[in-house]
Amino acid sequence: MSTPRFRSPHVILNPRAASGNAQNLWKSLRATVDRTLGPADVRLTEAPNHATALTEEALQAGADLVVAVGGDGTFNEVVNGFLSGGLPLNPDASLAFCPAGTCSDFGRSAGIPRSPQDAVKAIAAAPVRKFDACAIRVTAHDGTTNTRYFANVTSLGVGGEVCVAAKRNVLTSVNGRAAFLWATAKTLLRYRAKDICLTFDDEEPGHSLRVMQVALGNGAYHGGGMNVCPLASLESGSMDVTVISETGFLDFLRSIRLLYSGNILSHANCSHYRVTSVTATSRDLVAVEVDGEAVGRLPCTAWIMPGVLSIAGTGIVG
């Protein structure tokens, strides 16, 4: 039997992921984890943002690997515990993601196997890679300003509204993609484009646009497989920005096909930018979602942090 590569693996498990199925999944996954990664210290989340605190505690206790078992929201919380002041809390530790939630958009962006069993085996075998992360300073729902990190995609505009609708959707417990599509259609029936000013890399004047959706991509995918930033790379040292300008309801629905096929940049109302920072302001109320979680509204500023995440188990699938 080979010696596990990690000395002190810790698992952060969201038992409510995938409508509670994650905890049952863990029962069949535990033996594979202990065999391939070594005996793991397992902690269960009990409330929103608990995974962030558990990750901080694990790293302070000497963990050299923290595995998030859940969905994209769980992984985002773990990333926020892994980083402090824009740098790793423990530079010698690594992160990993074992998809067990409704969606696995970060997994798609990073090439992580969809099967939890295969994902664990990849963590044990694949080289640790240095990935970028992003920070975003955003206006929270209560009007305060918060800074948080994201590893995959943030969206402004209709995406933020869809995020809220998808969380309240009965389809979420059955199929993440179906829930997102239904929430998108329902939201678009009443949504109107917003006037947003985007300033890239502190260059003035900014771009004043009438916008349906702005995606800030460290990774490529969100919304249950929508390839919203098809040119994004987790190792580029830059952030991809996809802007979908004002368009009609039916035309926006047609663009969903382009999103899933990775051809959204061919849409006539779509623009693409590659930047290291972006500031977005608006006189309108514009919702912001980060890695699938509704976090607040504009104004916000996001910036890239190159190579701050050491992640195991990636690059196995495209």
Can you find, within region 178-207, the residue that is surrounded by the fewest Cβ atoms within 10 Å (Cβ to Cβ) among those that are at pLDDT 85 or above and in contact with an Asp or Glu (Cβ under 7 Å, 6 or more places away or on another chain)? ASP195
Within region 41-52, identify whether any single residue is at pLDDT 95 or above, within 23 Å of MET305 (Cα to Cα), part of a strand (DSSP E or B) and among the small types (Gly, Ala, Ser), and answer yes or no. no
Subset of region 208-232 [without any contact (Cβ under 8 Å) to a residue 60 or more places away in the chain and either part of a loop (DSSP other than H, G, I, E, B) or acidic (Asp, Glu) (or both)]: PRO230, LEU231
Candidate set: region 12-40, residues that are part of a loop (DSSP other than H, G, I, E, B) and either under 17 Å from ASP118 (Cα atoms) or among the hydroxyl-bearing types (Ser, Thr, Tyr) (or both); chosen: the one farthest from the chain's Cα centre (by Cα): GLY38
Of all residues in region 233-272, which are part of a helix (DSSP H, G or I), in contact with a helix residue (DSSP H, G or I) (Cβ under 6 Å, 6 or more places away or on another chain) and either surrounded by fewer than 20 Cβ atoms within 10 Å (Cβ to Cβ) or among the hydroxyl-bearing types (Ser, Thr, Tyr) (or both)? PHE249, LEU258
Exactly one of VAL42, VAL69, VAL120 is closer than 23 Å to GLU293 by Cβ and either of a type outside the set (Ser, Thr, Tyr) or not assigned by TED's automatic domain parsing to the domain that holds GLY224 (or both), and that residue is VAL69
Let me spell it out: the conditions are (1) surrounded by fewer than 17 Cβ atoms within 10 Å (Cβ to Cβ); (2) modelled with pLDDT of 95 or more; (3) in a loop (DSSP other than H, G, I, E, B), and ALA63 meets all of them except one. Which number is the exception? (1)
If I go through region 266-318 residue by residue, how many of them are under 28 Å from ARG129 (Cα atoms) and either in the same structural domain as LEU198 (by TED's automatic domain parsing) or at pLDDT 95 or above (or both)? 26
What number goes with the only condition from (1) touching a residue at least 40 places away in the same chain (Cβ under 8 Å); (2) of a type in the set (S, T, N, Q); (3) surrounded by fewer than 24 Cβ atoms within 10 Å (Cβ to Cβ) that THR74 does not pass? (3)
Enumerate the pairs (first residue in region 97-121 and part of a helix (DSSP H, G or I); second residue anywhere and among the hydroxyl-bearing types (Ser, Thr, Tyr)) with beta-carbon separation below 7 Å, excluding pairs fewer than 6 apart on the same chain, so at least 6 apart or on different chains. ASP105/TYR221; ARG108/TYR221; SER109/TYR221; ALA110/THR314; GLN117/THR32; VAL120/THR32; VAL120/THR36; LYS121/THR36
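The values are calculated or read from the model by the stated rules, or taken from the named source; none is laboratory data. Quick caveat, the model's predicted, so the values are computed rather than measured. No Cβ is skipped: glycine too gets one built from the backbone with ideal geometry, and neighbour counts run over all protein chains shown.
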